[in-house]
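S.K.: Structure provided below as structure tokens; questions to follow.
The values are calculated or read from the model by the stated rules, or taken from the named source; none is laboratory data. For clarity, every value in this text was computed on a predicted model and none was experimentally measured. Quick reminder, even Gly has a Cβ in these numbers, built from the backbone with ideal geometry, and neighbours come from all protein chains shown.
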Amino acid sequence: MSKLLDELLFTIRQHPAYPELLDAVGQPEIKPFRSSGRPDEQYADHIFRSGARRQHDIWRQFLIGEPSQQEKS
């Protein structure tokens, strides 16, 4: 990460509305499995929502400044 980007993130984290920003971006919901006649469709939906949640988690970790699981390894 460049020094300028690091400084920008530090400045954003100091702003009083920073916690509101984190709360405003909601976490994607993963629907519980329900038996139906369309298992392929449900599986595809689950994969999509799981990916959206993972992307949300990575972005949130970046804003907060926590190292991601990949960076820790």
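S.K.: Please specify each residue of the stretch 7-42 satisfying the condition of being in a helix (DSSP H, G or I) and over 19 Å from HIS56 (Cα atoms).
M.R.: GLU7, LEU8, PHE10, THR11, GLN14, PRO39, ASP40, GLU41, GLN42
S.K.: Right, here's the next one. Any idea which of GLN61, GLN27 is among the polar types (S, T, N, Q) and modelled with pLDDT of 90 or more?
M.R.: GLN61
S.K.: Would you confirm whether any residue within the stretch 33-40 is modelled with pLDDT of 80 or more and under 13 Å from the mean Cα position of the chain (by Cα)?
M.R.: No, every residue in the stretch 33-40 fails to be modelled with pLDDT of 80 or more and under 13 Å from the mean Cα position of the chain (by Cα).
S.K.: When the stretch 22-56 is examined, which residues are found to be surrounded by fewer than 12 Cβ atoms within 10 Å (Cβ to Cβ), more than 26 Å from ILE12 (Cα to Cα) and touching an Asp or Glu at 6+ places or on another chain (Cβ under 9 Å)?
M.R.: Once the filter is applied, which keeps residues that are surrounded by fewer than 12 Cβ atoms within 10 Å (Cβ to Cβ), more than 26 Å from ILE12 (Cα to Cα) and touching an Asp or Glu at 6+ places or on another chain (Cβ under 9 Å), the stretch 22-56 yields only LYS31.
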